[in-house]
1. Which number in (1) under 30 Å from residue 16 (Cβ atoms); (2) part of a loop (DSSP other than H, G, I, E, B) marks the one condition that residue 402 misses?
2. Can you run down the residue pairs with Cβ atoms below 9 Å, 6 or more apart or on separate chains, where the first is in segment 160-171 and under 18 Å from residue 182 (Cβ atoms) and the partner is in a helix (DSSP H, G or I) and of a type in the set (A, V, I, L, M)?
3. Looking at segment 239-326, what helices (runs of 4 or more DSSP H) fall wholly within it and have at least 3 residues that are under 21 Å from residue 101 (Cβ atoms)?
4. Considering only residues that are of a type outside the set (S, T, N, Q) and in contact with a Pro (Cβ under 6 Å, 6 or more places away or on another chain), look in segment 392-434 and name the one that is farthest from residue 454 (Cα to Cα).
5. In the set 238, 234, 296, which member is at pLDDT 95 or above and in contact with a Cys (Cβ under 8 Å, 6 or more places away or on another chain)?
6. From the list 346, 385, which residue is over 28 Å from residue 177 (Cβ atoms), small (Gly, Ala, Ser) and free of Cβ contacts under 8 Å to residues at least 24 places away in the same chain?
7. Of everything in segment 419-434 that's in contact with a helix residue (DSSP H, G or I) (Cβ under 6 Å, 6 or more places away or on another chain) and of a type in the set (Gly, Ala, Ser), which residue is surrounded by the most Cβ atoms within 10 Å (Cβ to Cβ)?
8. Would you mind stating whether residue 120 is at pLDDT below 95, of a type in the set (A, V, I, L, M) and in a strand (DSSP E or B)?
Amino acid sequence: MAQVYKTPGVYIEEIPKFPPIISAVETAIPAFIGYTETSVDVPVNKPFRITSMVEYEQHFGKPQLETAMKVAGVEVKDGAGNVTGQKFTATLAAADRSKHIMFYAVQMFFANGGGPCYIVSVGLYKTPSALLLADLQAGLAALEKVDEPTLIVVPEAQALSISDFKAIEEAALAQCNLLKDRFVIMDVHGDALSPGDPNANILTIVDTFRNSGIGINNLKYGAAYAPNLDTILDFVVDETTTAVSYFIAGVPGGAMLNTLATGNSLIYESAKAAIRDLPCTLPPSSTMAGIYAAVDADRGVWKAPANVSVAAVVKPSIEFTNRDQETINDDAVAGKSVNAIRPFTGKGTLVWGARTLAGNDAEWRYVNVRRLFIFIEESVNKACGSFVFEPNDANTWVKVQAMIENFLTVQWRQGALQGAKPDQAFFVSVGLGKTMTAQDLLEGRMIVEVGLAAVRPAEFIILRFSHKLAQA
């Protein structure tokens, strides 16, 4: 409405010409759901934002102490049979290990490039350690009320029964489908197979996961990774229950670790070193969350989080071949692709897969494509909020179209979209007779159509060679 002036004079009117700007949302803010040691200043099922392990320890405490660790000393002899010392080895049976691994999972997230994240404590550690599906479901439900998280990780889900694992992961996928602003990173459930068992068969584990561990709904909103990883993280043990066997002057003996701390410092330190040398095997989901964050920060959400080194890892817990990975990567029946993490000579351990669980879906086969659309959809969605209840006319349509086109042009220039020119990379359409009918206007609907040519990863590089005859 034009300003009415009543006093003679000179007046200035500033006329806005530029469309509003779309601010890009964050793409890799994971929410970890699980049990913690404490939650004194953070209520249970209250998503809480942290940016470092220092903050985690301040609000949620330390890991649950391992109570079943055993350390055994074996005499070492020279060629003449003389005792020259003893070597200590630590062991911890998978069945006796604590199922509360949230602390270690968050450690791996930060070790692999993670930044801000949310912690949803569903309760305090249980003794003996146990997980309840209802607790994890309550934590997941609480996460639905928070807008910022873009990734969902349940690090302890692998310790649930196969049916409970299926329930919590499918609920997470359903939440992603409902909100359309987040993505699930999950582990593969091995049913009765112990996590980290070196004798486990990767094909059996993946087959169990596909048949009993996940359904067929909302698969485009999640990705699964295998196998578990032997990490360099140190177990934290209860020294009062950690039994140590040893030799002193050829005579066998034994004591609890805390007793040796004051009784024999040499054996105590040797036993502690053996415990530090024992690999802490963990599911890979939290590690992948860190890699997602690092790749997004370095390259962008449109870069597939694959062919990337995994930090703080000794090796994958299960070895398998290229032929095995053919079955893991491609599921001809239901498309439930599982991304492999593999060691390569001279390169270390790499992420060697970039598919969503919807591996047979031509549109949503790749993790980076699904996450790119989530990123653009959420960014545009938030920016368009300022136009709600604005006049549904050509003036508003032009502003909205220009705002979205400017944003997508920036993404195209950064390499997120295919095409030599912007009009090959995307289109934005809005208007009467284009995307809306007269009835739409009467009912207050402004419909904007956006098309994107997303960049897809070169999953298979094929080099074709042939003989060339010599020519005179």
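1. Just one mismatch for residue 402, condition (2).
2. Short answer, once both residue conditions are applied: 168/133; 168/136; 168/140; 168/157; 169/157; 171/136; 171/140; 171/141.
3. Output list reads 265-277, 285-298.
4. Looking at the filtered set, the residue picked out is 399.
5. From the options 238, 234, 296, the qualifying one is 234.
6. Just a single option satisfies the conditions, and that option is 346.
7. We begin by selecting, within segment 419-434, every residue in contact with a helix residue (DSSP H, G or I) (Cβ under 6 Å, 6 or more places away or on another chain); these are 419, 422, 425-426, 428, 430-431.
After this cut, where a residue has to be of a type in the set (Gly, Ala, Ser) as well, the list is 419, 425, 431.
Numbers: 419: 13, 425: 21, 431: 14.
Result: 425.
8. no
The values are calculated or read from the model by the stated rules, or taken from the named source; none is laboratory data. Since the structure is predicted, the reported quantities are computational estimates derived from the model, not experimental observations. Note: ideal-geometry Cβ built from the backbone for every residue, glycine included; neighbour counts use all protein chains shown.
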